[in-house]
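Some notes on the structure that comes next.
The values are calculated or read from the model by the stated rules, or taken from the named source; none is laboratory data. These numbers come from a predicted model, not from an experiment. Here the Cβ positions follow ideal geometry from the backbone for every residue, glycine too, while neighbour counts run over all protein chains shown.
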Amino acid sequence: MAQIDAFFKLMNDQGASDLHLVAGQQPILRIRGDMERVKYKVLDNDTLKAMLYEIVSEDKAKIFEETGDVDFGYELPGLARYRGNLFQQKYGIGAVFREIPSEILTCDQLGLPAVVKKLASLPKGMVLVTGPTGSGKSTTLAAIVDEVNKIRSDHILTIEDPIEFVHKSQKCIVNHREVGLHTKSFAAALRGALREDPDIILVGEMRDLETIALAMEAAMTGHLVFGTLHTLNAAKTVDRVIEIFPSSQQAQVRSTLADALKAVVSQTLFKRIDKKGRCAALEILICTPAVRNLIREGKTYQIPSAMQTGKRYGMQTLDDAILEHLTSGRISPDDAYTNCIEKGKFVQFLGKPPTDFTDV
């Protein structure tokens, strides 16, 4: 057993989402969004480096030595998988681990809206799950892919850095590929994917122009593509995809995206006040003909209005989702105000004036 495994067990026992190990400090857990120090000695650089190198492959260690940071995956059988990042900082080595539960929760267990579960039945196109780091994008995507795995007889190919949730083949065949271990890059894996007979492709993160372009191409050639982006809402997601391309190509990209995009699920995670745990507020954009026209014509600023009028299709704005959590007593007024889009709607729920003067 690796020495670091004791910290992972503690992390699991405490219900922590993240573990921070940094030279010059005590270990720190993130529990329900808050950072809490572990009663343990201050970690020195040499001891921590030896502890981390015990679970890192030689190839990943070499990349870390050359570049100063590296992502990798680690699994503790019977407990969970972990997405790790090593980085060099002023006082030596540092590492952050995110726990990936071994059990994949279903859409129903997560309390996701019914329309999100229906995304698993789409024959083709692109579905984007977006939100800030730590907002639960991977958990939502895993639930959708798990639903695909149960109801369809297809080939699912996942491309991740590193592999997070591991899906066992059920009705579908599932193949997992890890960037840096099984393929050189997301783009290289996507180019190869078109020759590997997939029906569904999951792209762990759409980071650059080439990856986004290849994902759209795959969606346009009859595949169902799931991907993630670090954007805050549906309209900004559409803008982000278009703006990553040179201005000379953006008109064509708008047209292609309007045809390829099927849905955007943008989520924000909140600490619950009614019980232990967290809950997600979801903004859902379904690409109806009206929404496709807005994308094609560059009128993304009208997307929030389209979501308001498209509730019968399962659409909802982030603010509506936050308001539902707030009025149901699940989240605090301060959290609701901090994360909402239209601040004016939520000021009335605050007991005192907002602390962020930039929003006044």
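Please enumerate the residues belonging to segment 307-318 that are crowded, with 21+ Cβ neighbours inside 10 Å and part of a helix (DSSP H, G or I).
Within segment 307-318, Met307, Leu318 meet the criteria.
How many residues, within segment 135-190, are assigned to a loop (DSSP other than H, G, I, E, B) and not charged (D, E, K, R)?
Of the residues in segment 135-190, 15 are assigned to a loop (DSSP other than H, G, I, E, B) and not charged (D, E, K, R).
Please find, among Leu318, Leu294, Leu285, the residue that is of a type in the set (A, V, I, L, M) and over 22 Å from Thr256 (Cβ atoms).
Leu318
What are the residues in segment 309-326 that are over 16 Å from Lys343 (Cα atoms) and touching an Asp or Glu at 6+ places or on another chain (Cβ under 8 Å), if any?
Passing the criteria: only Gln316.
Of (1) under 21 Å from the mean Cα position of the chain (by Cα); (2) in a loop (DSSP other than H, G, I, E, B); (3) closer than 18 Å to Lys262 by Cα, Gly222 satisfies all except one. Which?
It is condition (1) that Gly222 fails.
What number of residues within segment 333-352 are surrounded by 17 or more Cβ atoms within 10 Å (Cβ to Cβ) and not in a helix (DSSP H, G or I)?
Residues in segment 333-352 being surrounded by 17 or more Cβ atoms within 10 Å (Cβ to Cβ) and not in a helix (DSSP H, G or I): 2 in total.
Being surrounded by 12 or more Cβ atoms within 10 Å (Cβ to Cβ) and either assigned to a strand (DSSP E or B) or basic (Lys, Arg) (or both) is the filter here; which residues of segment 1-35 pass it?
Scanning segment 1-35 gives Lys9, Asp18, Leu19, His20, Leu21, Val22, Ile28, Leu29, Arg30, Ile31, Arg32.
Has segment 145-159 got any residue that is more than 22 Å from Leu105 (Cβ to Cβ), of a type in the set (Lys, Arg), surrounded by fewer than 21 Cβ atoms within 10 Å (Cβ to Cβ) and at pLDDT 95 or above?
no
Which helices (runs of 4 or more DSSP H) sit wholly inside segment 41-118 and have at least 2 residues that are of a type in the set (Ser, Thr, Tyr) and over 16 Å from the mean Cα position of the chain (by Cα)? Full working, then the answer.
Numbers: elements: 45-53, 58-67, 107-110, 114-118.
Output list reads 45-53.
Under the condition of being surrounded by 17 or more Cβ atoms within 10 Å (Cβ to Cβ) and modelled with pLDDT under 95, which residue from segment 127-138 is nearest to Lys236 (Cα to Cα)?
Looking at residues that are surrounded by 17 or more Cβ atoms within 10 Å (Cβ to Cβ) and modelled with pLDDT under 95, I get Gly131.
What are the residues in segment 212-226 that are touching a helix residue (DSSP H, G or I) at 6+ places or on another chain (Cβ under 6 Å) and at positive phi, if any?
Residues satisfying the conditions do not exist here.
Pairs under 8 Å by beta carbon, first residue without any contact (Cβ under 8 Å) to a residue 60 or more places away in the chain and under 20 Å from Lys236 (Cα atoms) in segment 332-343, partner of a type in the set (S, T, N, Q) and part of a helix (DSSP H, G or I), six or more apart or different chains?
Correct list of pairs: empty, since none qualify.
Considering segment 227-275 alone, what residues qualify as being in a loop (DSSP other than H, G, I, E, B) and either closer than 18 Å to Asp208 by Cα or more than 22 Å from the chain's Cα centre (by Cα) (or both)?
Within segment 227-275, His230, Thr231, Leu232, Ile244, Phe245, Pro246, Ile273, Asp274, Lys275 meet the criteria.
Take the residues of segment 8-18 that are in contact (Cβ under 8 Å) with a residue 40 or more places away in the chain and not charged (D, E, K, R): which is farthest from Val56 (Cα to Cα)?
Gly15
Considering Lys117, Lys124, Lys168, which residue is assigned by TED's automatic domain parsing to the domain that holds Val264, surrounded by fewer than 17 Cβ atoms within 10 Å (Cβ to Cβ) and over 29 Å from Pro77 (Cβ atoms)?
Just a single option satisfies the conditions, and that option is Lys124.
Could you tell me whether Thr139 is in contact (Cβ under 8 Å) with a residue 24 or more places away in the chain, of a type in the set (Ser, Thr, Tyr), out of contact with any Lys or Arg (no Cβ under 8 Å at 6 or more places or on another chain) and not assigned by TED's automatic domain parsing to the domain that holds Leu79?
Yes, satisfied.
What about Lys276, is it more than 17 Å from Tyr313 (Cβ to Cβ), basic (Lys, Arg) and either touching a residue at least 40 places away in the same chain (Cβ under 8 Å) or assigned by TED's automatic domain parsing to the domain that holds Val115 (or both)?
yes
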